[in-house]
1. Looking only at residues in segment 201-210 that are without any contact (Cβ under 8 Å) to a residue 24 or more places away in the chain and part of a helix (DSSP H, G or I), which one is farthest from L143 (Cα to Cα)?
2. Pick from segment 184-199 the residues that are assigned to a loop (DSSP other than H, G, I, E, B) and not small (G, A, S): which of them is surrounded by the most Cβ atoms within 10 Å (Cβ to Cβ)?
3. Within the bounds of segment 218-228, is there any residue that is over 30 Å from V10 (Cβ atoms), buried (at least 17 other Cβ atoms within 10 Å of the Cβ), touching a Lys or Arg at 6+ places or on another chain (Cβ under 9 Å) and charged (D, E, K, R)?
4. Looking only at segment 158-183, count how many residues are of a type outside the set (G, A, S), part of a helix (DSSP H, G or I) and buried (at least 17 other Cβ atoms within 10 Å of the Cβ).
5. Which numbered condition in (1) among the acidic types (D, E); (2) under 18 Å from F58 (Cα atoms); (3) loosely packed, with under 13 Cβ neighbours inside 10 Å is the only one that E91 fails?
6. In segment 211-241, which residues are farther than 18 Å from R18 by Cα and assigned to a helix (DSSP H, G or I)?
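Read the figures in this text as sums done on the coordinates, not as results from a lab. From a predicted model like this one, the values you see are computed outputs, not experimental measurements. All Cβ positions, glycine included, derive from the backbone under ideal geometry; neighbour counts span all protein chains shown.
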Amino acid sequence: MQASKAWDGVCVHPIGGRSAKPRRAGVTMVIDKGLGLESTRELLSLAGDYIDFIKLGFGTSAFYDAELLRAKIRLIRGHGVHVYPGGTFLEVAELQSATEAFLDRAEALGFDFVEVSDGTLAIAPERRRRIIAAALERGLGVLTEVGKKHPADRQPLEVQRRQVREDLASGARYVIVEARESGVGVGIYDDDGRIDRAALEAFETAAPPERLIWEAPLKSQQEALIERFGPNVNLGNIHPQEVLALEALRVGLRGDTLRRAARVGARHE
């Protein structure tokens, strides 16, 4: 249960219906590219109620001292937040025939989720299913990711739609739609970072919205997805310093979504 907030009893959120933790819809996934233990503690103290997953981006967790990493994972999980190493790191393990050892180490370090992706490497669908199964057998939750990081490797939308369905059928908790850190020229975004409607609609028909996490590092993308799906859309690759700004956007405590809430009569009387 969330602690009382400083302005409780004065104002209510202009956009209602925001889900509270623990939640399955409306999750926020934060990308952590190297926060220290005290910075992580400060982040969770300030914004832990609004963070559901922390991803230790790409292969950054390889550079942590083992005990420091364990302490950071304990800290994150102690605040009711899931934590996992970036999918690119697992791709490296797969390239080096070390996936089983990677999963064993992830479990031993205290991670409670892993990400299965093929954003850089090509992993056959059957092999992908086996990796998901191996993670689940160890008690690890699984997030998968669809989409390629390099534009030259972009797959047809039908291939990505099929992968979404197969991943969920294999036991993935959520499927992440790739957008990298930039949110430009990748996934559902064009070269200007705007949403490609055809791509968005292709994913919408692949899975229920509560099973997809849209990587949306840019404010304009977050706003557009909130407008389309409501405050409980799942959003990822959020920078640590942007968590509260995103939450304000979700509930109408920011001019962009407040304007819309007032226009459609969504404010509370």
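1. E201
2. Residue satisfying both the conditions and the ranking: I188.
3. no
4. 7
5. Among (1) among the acidic types (D, E); (2) under 18 Å from F58 (Cα atoms); (3) loosely packed, with under 13 Cβ neighbours inside 10 Å, the lone unmet condition for E91 is (3).
6. Passing the criteria: K219, S220, Q221, P240, Q241.
Okay, residues lined up against (1) under 17 Å from the mean Cα position of the chain (by Cα); (2) surrounded by 12 or more Cβ atoms within 10 Å (Cβ to Cβ); (3) on the phi > 0 side of the Ramachandran plot:
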| residue | (1), (2), (3) |
| --- | --- |
| I15 | no, yes, no |
| I51 | yes, yes, no |
| F63 | no, no, no |
| G80 | yes, yes, yes |
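For every residue, the table says whether it meets (1) of a type in the set (F, W, Y); (2) crowded, with 19+ Cβ neighbours inside 10 Å; (3) touching a residue at least 24 places away in the same chain (Cβ under 8 Å).
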| residue | (1), (2), (3) |
| --- | --- |
| V12 | no, no, yes |
| R23 | no, no, yes |
| G26 | no, yes, yes |
| K33 | no, no, yes |
| G36 | no, no, no |
| T40 | no, yes, yes |
| A47 | no, yes, yes |
| I54 | no, yes, yes |
| I76 | no, yes, yes |
